[in-house]
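So the structure is just underneath, and the comments pick up after that.
Here, each number is a calculation from the coordinates, and none is a lab measurement. Given the structure is predicted, the values throughout are model-derived calculations rather than measurements. So basically every Cβ, Gly included, is an ideal-geometry build from the backbone, and we count neighbours across all protein chains shown.
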Amino acid sequence: MNVKNQILIDKYIAKPIAYFLNFIVQILGQILRINHDLDKSFETIAVCKFKGMGSIIQATPLLNSIRKKHPNATIIFVTSKSNTKILEHLPMIDQVITVNDKGLVNFSISAIKALIKLIKIRPDVYIDLEIYSDFSTLFTLFTLSKNRLGFYLRSSSFRTGIYTHMMFFNPKAPISKVYLQMAKLLYCDDISEIYPLKYKSKFYKSIGKEYIVINPNASDLRIERRWDIKNFIKIIELLLVEYSDLKIVIVGSKDELDYTKEIEKIIKNERLINSTGKLTIDDLIGVIANAKLMLSNDTGPMHIAFSTETPIICLFGPCSPDQYGLSEKAHIIYKPVYCSPCVHDFTTPPCNGENICMKLIQVGEVYSVFKKINFEIHQNPKFTNSNKLIYSYNDNTLGILKTGF
């Protein structure tokens, strides 16, 4: 099921139902007066993030913090089927419950099956990390979990009865810090960093010692995040000339193979390896972890690089690097045009898909950053980007709203 259909379901089905149920839930809350104290031990905690491999990686500090606070609890992760493989690399998760979003029929049947499983389990705490999804809000309610945690936005104030606790969503904060606010709601004192993804694959050894990873793709969540394919072709051609012993590995999912083949058609070079659709998640993590450098649009593999601490050049446009670019090894290129960031505020972006914010990024400046980082790495093998973004937040939990029953 494509993103457009998901948005339509959210707007015309999920939201009206949520509006209606919100009033009923608030009335029940006034009658039942259930104790929703979160400062205690829990046996079962569920965390939900349906979309975005990168967001799941950014949620690992939250998951780690929960595990340290509740070592004996069963932690369940609720997500789309496509994210199953990345979750196998997160040892703090005990069980995964999935929804198949490939087509409306599969989506409906799998969502009902997932709800039945959750109703049988009845998690003590259910944490909904989806910020803009009304379907996820309804799904949270129907799990019948005693404590239901979600994010508060002014535009979603109708959810205040459905969740028992809501946390103010700060769009200017790094997303991993946003998710960690849920850990603070659960009185987790040991706040963790992004989990360093482990891998067993040795596939990267078949490539050689010196290689660069390039990810020219962006998932269908917002295709405007792509830097133009012509620019990727130019930067690859420059790198192949400048670094005669270097190999370049293109990565991507099976759905992105036709797109990356366009690069192969133009650049015919034995040092260019198109691995799109050929790598397992374990292979991909290993390839990124052992790369000399990486160049990527703002999408899932970028977050893998953050986790493996691989030096990376990140190209941002429709999304804010303040939210999704928190990494000491990241060199961010971002043109803050007037309409950016827009990604979470519009179904159709203000530019109607022209993504001016990405088109303003020049091949020359990306190439100069490659040369700079390459020099820094040779001078200092423990290179950390001197232009890193530094964030400081008070440890106190702010913006809590206790709501429904």
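Residues whose amide H lies under 5 Å from that of Tyr195, counting only those 5 or more places away or on a different chain, are Thr60; hydrogens are built 1.01 Å from N in the peptide plane. Using C-alpha pairs under 8 Å with a sequence gap of at least 6, the mean separation divided by the residue count of the chain gives a relative contact order of 18 percent.
For the stretch 36-171, what does the alpha-carbon gyration tensor say about shape, rounded, prolate or oblate, given a ≥ b ≥ c as the root eigenvalues, a/c under 1.5 as rounded, and a/b over b/c as prolate?
Values: a/c = 1.28, a/b = 1.04, b/c = 1.23.
Rounded, since a/c falls under 1.5.
Cβ-Cβ distance of Asn170 and Ile109, R₀ of 51 Å, FRET efficiency by 1/(1 + (r/R0)^6): the value works out to about 0.90.
If I take R0 = 25 Å and measure r between the Cβ atoms of Lys230 and His344 in this structure, what FRET efficiency does the formula 1/(1 + (r/R0)^6) give, to the nearest 0.05?
0.35
For the chain, the 222 nm mean residue ellipticity estimated from helices alone, with every DSSP H stretch of n ≥ 4 adding -39500 (n - 2.57) and the total spread over all residues, rounds to -11000 deg cm²/dmol.
By the count of other C-beta atoms within 10 Å, a proxy for reagent exposure, Ser65, Ser41 are ordered fewest to most as Ser41, Ser65.
Inter-label distance, Leu8 to Lys200: 4.3 nm, where each label sits 7 Å from its Cα along the C-beta direction. The HN-Hα couplings worked out from phi for the stretch 296-304 by the Karplus form 6.51 cos²θ - 1.76 cosθ + 1.60 (θ = phi - 60°) are 8, 5, 6, 7, x, x, 4, 6, 5 Hz, whole numbers, x standing for Gly and Pro. Can you compute the FRET efficiency between Glu328 and Lys68 using 1/(1 + (r/R0)^6), with r the Cβ-Cβ distance and R0 = 25 Å? Round to the nearest 0.05. Efficiency for this residue pair is about 0.65. Modelled label positions at Lys254 and Ile266, each set 7 Å beyond Cα in the direction of Cβ, lie 2.8 nm from each other. Couplings 3J(HN,Hα) for the stretch 85-95, derived from phi with the Karplus relation 6.51 cos²θ - 1.76 cosθ + 1.60 (θ = phi - 60°), are 5, 5, 5, 5, 9, 10, x, 7, 9, 8, 8 Hz, where x marks Gly and Pro. Residues whose amide H comes within less than 5 Å of that of Thr74, counting only those at least five positions distant or on another chain, are Thr44, Ile45 (H built at 1.01 Å from N in the peptide plane).
Annotation for Glu43 and Ile356: the two label points, set 7 Å from Cα along the Cα-Cβ direction, are 5.8 nm apart. DSSP assigns beta bridges within the chain; of those with both partners inside it, close to 5 percent run antiparallel. Between their Cα atoms, which of Lys81/Lys254; Lys209/Lys254; Lys85/Lys209; Lys49/Lys200; Lys230/Lys265; Lys69/Lys146 are more than 21 Å away from each other? Beyond 21 Å between Cα atoms: Lys209/Lys254; Lys85/Lys209; Lys49/Lys200.
Shape call for the stretch 119-248 from the C-alpha gyration tensor, a ≥ b ≥ c root eigenvalues: rounded (a/c under 1.5), prolate (a/b greater than b/c) or oblate? Note, shape of the stretch 119-248 comes out prolate. Among Pro216, Pro171, Pro311, the residue with the largest mean-square fluctuation in a Gaussian network model of the chain, with springs joining Cα atoms closer than 10 Å, is Pro171.
Residue separation of Ile119 and Lys371 scaled by 0.36 nm, minus their Cα-Cα distance, works out to 85.2 nm of gained length. Under a Gaussian network description of the chain, with springs only between Cα atoms under 10 Å, the residue in Asp322, Asp134, Asp245 that fluctuates furthest is Asp245. Within 13 Å, Cβ to Cβ, of Ser145, how many net charges do the neighbouring residues add up to if Lys/Arg are +1 and Asp/Glu are -1? Summing Lys/Arg as +1 and Asp/Glu as -1 gives +2.
Net charge in the neighbourhood of Cys319 (other residues with Cβ under 13 Å of its Cβ; Lys, Arg +1, Asp, Glu -1) is +1. Using the Karplus relation 6.51 cos²θ - 1.76 cosθ + 1.60 with θ = phi - 60°, the per-residue 3J(HN,Hα) values for the stretch 216-225 come to x, 9, 8, 5, 6, 4, 6, 5, 5, 6 Hz, with x marking Gly and Pro.
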